[in-house]
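The values are calculated or read from the model by the stated rules, or taken from the named source; none is laboratory data. Everything numeric in this text was worked out from a predicted model, so none of it was measured. In this analysis, Cβ positions are derived from the backbone assuming ideal geometry, glycine residues included, and neighbour counts consider all displayed protein chains.
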Amino acid sequence: MVWPVVYNPTQRQLSALKTLLFLVCLLPLARLGWGLWSDQLGANPIEFITRSLGTWTLNFLLITLTVSPLRKLTGWHWLLRLRRMLGLFAFFYVMLHLTTYLWLDQFFDWTAIVKDILKRPFITVGMSAFVLLVPLAATSNHAMIRRIGGRRWQQLHRSIYVIAIFAVVHYWWLVKKDVTLPALYAVLLALLLGMRALWREQERRQQLAHVSPLAKKRGKVIPIAARQ
């Protein structure tokens with residue numbers, strides 16, 4: 001089922017939407033800055049900043065993953081043109097999250113940092129998610145898409161699913177006791193990944209429905225149109 005309302009913004013409207021989205025994406029950082037300035041971040045501001053930046057990293061990861069299902073349900077294909085910005089903001093916030101941990105929490109004590117990564121599983125899985133996210137951010141521009149090739153680029157960027165899973169696990173293991181919010185994130189992620197799996201299976205069945213009987217008999221999936 002596709003959303004009945006068709007909305008196709010002009011190039012000017014899309015540029016305005018991108019500008020507005022860019023400013024909205026900066027609001028969490030502005031909130032932290034204001035809280036730090038006005039001394040409203042609680043008794044442990046470093047922990048508050050670190051956790052807030054991590055939470056917004058996860059938020060942007062899930063928002064980025066929501067773009068494709070939303071585009072499929074609404075038919076608003078222009079939403080894909082906002083996805084890159086959302087993904088880069090996820091990387092921006094995880095960089096701030098990591099920098100806060102390395103600088104304000106560990107004071108760049110690399111020996112202690114390595115021990116912490118190896119000792120505490122939630123940091124291990126969080127660092128793994130960051131490492132996997134780096135090549136996605138580095139290859140997000142059109143020049144890299146052309147250089148890598150569309151097919152290989154898509155395969156690389158499917159690791160966003162693993163990254164999102166790692167991010168949810170990182171949050172779950174961090175919280176330990178009250179896992180209400182991590183569980184909510186896990187349900188949302190499962191829903192997003194489940195929708196993708198369902199649609200992929202539907203596409204596979206549609207392709208098989210157009211395979212020639214001879215190809216089916218030989219175990220080869222070759223569309224009839226491709227054989228003509």
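Out of (1) without any contact (Cβ under 8 Å) to a residue 40 or more places away in the chain; (2) surrounded by 13 or more Cβ atoms within 10 Å (Cβ to Cβ), the odd one out for residue 50 is which?
Failed condition: (1).
Could you tell me how many of the residues in the range 14-43 are under 22 Å from the mean Cα position of the chain (by Cα) and aromatic (Phe, Trp, Tyr)?
Total satisfying the criteria: 1.
For the condition touching a residue at least 60 places away in the same chain (Cβ under 8 Å) and in a helix (DSSP H, G or I), what is the one hit in 103, 78?
Details: 103 fails: touching a residue at least 60 places away in the same chain (Cβ under 8 Å).
Every option except 78 fails the conditions.
How many residues are over 15 Å from residue 65 (Cα atoms), not in a helix (DSSP H, G or I) and not small (Gly, Ala, Ser) if we restrict to the range 139-178?
Going through the range 139-178 one residue at a time, the tally reaches 5.
What are the residues in the range 179-228 that are at pLDDT 85 or above and not in a helix (DSSP H, G or I), if any?
Passing the criteria: only 179.
Is it the case, given these coordinates, that residue 75 is closer than 25 Å to residue 19 by Cβ and surrounded by fewer than 17 Cβ atoms within 10 Å (Cβ to Cβ)?
Values: closer than 25 Å to residue 19 by Cβ: yes; surrounded by fewer than 17 Cβ atoms within 10 Å (Cβ to Cβ): yes.
Yes.
Identify all residues within the range 19-39 that are more than 19 Å from residue 59 (Cβ to Cβ) and either surrounded by 12 or more Cβ atoms within 10 Å (Cβ to Cβ) or of a type in the set (Lys, Arg) (or both); write none if there are none.
36
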